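Scroll down for the structure; my scribbles are underneath it.
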Amino acid sequence: MKICIRRGAKQIGGTCIEIESQGKRLVLDIGQPLDSPDAESVEMPRVKGLKASDNSLLGVVLSHPHIDHYGLAFRVPPSSRFLMGAATERILEASAIFTPSGGTFENVTHLENGKTLPLGPFKITPYLMDHSAYDSYAVLVEGDGKRIFYTGDLREHGRKGSLFTRLVAHPPPNVDVLLMEGTTVSRKNSEKGFPTENDLQKEFEHIFRATTGMPLVWCSGQNIDRLVTVFKAARRCRRQFIIDMYTAEILRATGNSKLPQADWEGISVFLPEFQKKRIVRMGKASVANKYRPYRIFPEDLAAASKNSVMLFRPSIQIDVERAGCLDGACLVYSMWDGYLADEKIKLFLRWLQGRGIPMYKCHTSGHASVRSLLRLRTAFAGAVVCPVHTIDPMAFPQLFENVRVLTDGEHFDINRS
């Protein structure tokens, strides 16, 4: 069995890994690089079957619904076989209504936690993991008597941290190669671990109570753990949580009735102008009808501002400005700090300053800390570690034993190693 990291050996995002056995091939993720403006401008990985159909490519696994892992999937021939979680498929279909990054697939096999799927010379076993994306999987791939474990993106400090603990306590045996994400290996304090979602909930509560107007929380509408955290904090502070319609659709698409939904007490749904125009343009205006009983309209935002928390992003800036609901407001930034360096975001930050709106940061990583990665490495002690999804692969030999650092396009024959 051979491994080739087609993209991601020395970058975070854009992950694409090719595995070959007996002349057949499997692709693990096909992401859009984070620094690319759109999927169409990215060169497709050099894998037969990704540009034109090829019978030797048996399938493409999408580990989770983050664009840096699925972003190029809709450029692959439509008849190609995809393997992903059922919720991932629904989330990507729902997001296509509101954003240009989602879509639908013709040929899907669903991954289920712990259920092994035969695929030609391969056997694929998915492991549900804790990550900031919902329905995230690590994957065990077996072939030619060898075993590869691909972590995908994972962590242990989220609301599903028990999944990581279970993996570490009971890892699949006799793994030959551990393809391990290293997003945080060069980040400060990563060796000490990261705050948990429960830690963040306390911070949010403190901010909400200290804010006289409406806290605006800027986080991803697909960061389900964070949405739960904000909702719980809002309820404890006796505030309603106002989510946009895109986020309401993503929560519905999870299929999990235990997660906050539009019809829950304490939740209202707002339809920003840009989302309204988008769904009309897509011929999906009927989507708004099912949320009508739970809607809050622009003319009601000002009156609701003192007892609400609103999910926010810069594209809603015009809506809240017109609604006159910013007196005493604050912004809580709950995403990766790196996004703040973007020139467009700097314009928004100047708008905040001009309006006298203070900004607080309340965030934790969607990825495993170095402390967690060390635990993971110990669980797979007999495997060769290959770094992926990292900007600093050379940090791996300093942290872990038995490391094989690959470059993009380099083939690693496990049988000969």
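The values are calculated or read from the model by the stated rules, or taken from the named source; none is laboratory data. For clarity, every value in this text was computed on a predicted model and none was experimentally measured. Quick reminder, even Gly has a Cβ in these numbers, built from the backbone with ideal geometry, and neighbours come from all protein chains shown. Surface areas here come from the heavy atoms of the whole protein model, side chains and all, with no ligands, DNA or RNA. Shrake-Rupley method; radii C 1.70, N 1.55, O 1.52, S 1.80 Å.
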Of Ser315, Ser372, Ser132, which is the most mobile in a GNM of the chain whose springs link Cα atoms less than 10 angstrom apart?
Ser315
Might you work out the accessible area of Glu203 for me, using a 1.4 Å probe with all protein chains in place, and round it to the nearest 10 Å²?
80
Any idea how far apart Leu34 and Ile345 come out in nm if each label point goes 7 Å out from Cα toward Cβ?
1.0
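Using the Kirkwood radius built from alpha carbon pairs, what does the Stokes-Einstein equation give as D for the chain at 4 °C and 1.567 mPa s, in µm² per second? All intermediate terms of the calculation are to be shown ahead of the outcome.
Numbers: Rh = 22.3 Å.
Rounded to a whole number, D works out at 58 µm²/s.
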Mean-position separation - Cα centroids, the range 320-349 and the range 234-290, in angstrom
20
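Show me the three semi-axes of the equivalent ellipsoid for the range 75-197, from the C-alpha gyration tensor (sqrt of 5 times each eigenvalue), largest first, rounded to whole Å. Mind showing how you got there, number by number?
Working: eigenvalues 130, 98, 33 Å².
Three semi-axes, in Å: 25, 22, 13.
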Express in nm, to one decimal, how much length is gained between Ser186 and Ala96 on full extension, taking 0.36 nm for each residue of separation and deducting their alpha carbon distance.
29.0 nm
Which whole-angstrom value gives the distance between the alpha carbon centres of the range 384-401 and the range 185-218?
29
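Once the other residues with Cβ under 15 Å from the Cβ of Gly71 are scored (Lys, Arg +1; Asp, Glu -1), what is the net sum?
Numbers: positive: Arg6, Arg7, Arg75; negative: Asp29, Asp35, Asp38, Glu40, Glu43, Asp68, Asp153.
Once positives and negatives cancel, what remains is -4.
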How far is it, in nm, from the label point at Asp408 to the one at Asp263 when both lie 7 Å from their Cα along the line to the Cβ?
4.7
Order of exposure, largest accessible area first, which applies to Val217, Val384 with probe 1.4 Å:
Val384, Val217
Semi-axis lengths (Å, descending) of the ellipsoid that matches the C-alpha gyration tensor of the range 91-149
27, 14, 9
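Can you put Asp199, Asp319 in order of accessible area, largest first, using a 1.4 Å probe?
Details: Asp199 65, Asp319 25 Å².
Descending order: Asp199, Asp319.
Give me the net charge for the shell around Ser132: Cβ to Cβ below 14 angstrom, other residues only, Lys and Arg +1, Asp and Glu -1. Before the final figure, lay out each step's value.
On the way: positive: Arg155, Arg159, Lys160, Arg226; negative: Asp68, Asp130, Asp135, Asp153, Glu156, Glu181, Glu197, Asp225.
My count for the surroundings of Ser132 gives -4.
Using only Cα atoms, what Kirkwood radius does the range 167-310 have, in angstroms?
Numbers: mean 1/r = 0.0566 Å⁻¹.
Answer for the range 167-310: a Kirkwood hydrodynamic radius of 17.7 Å.
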Solvent-accessible area, 1.4 Å probe, carbon plus sulfur percent, for the chain
49
Could you tell me how far the Cα centroid of the range 1-36 sits from the Cα centroid of the range 68-144, in Å?
14
Pick from Ser53, Ser220, Ser41: which is most flexible by mean-square fluctuation in a GNM of the chain where alpha carbon atoms under 10 Å apart are linked?
Ser41
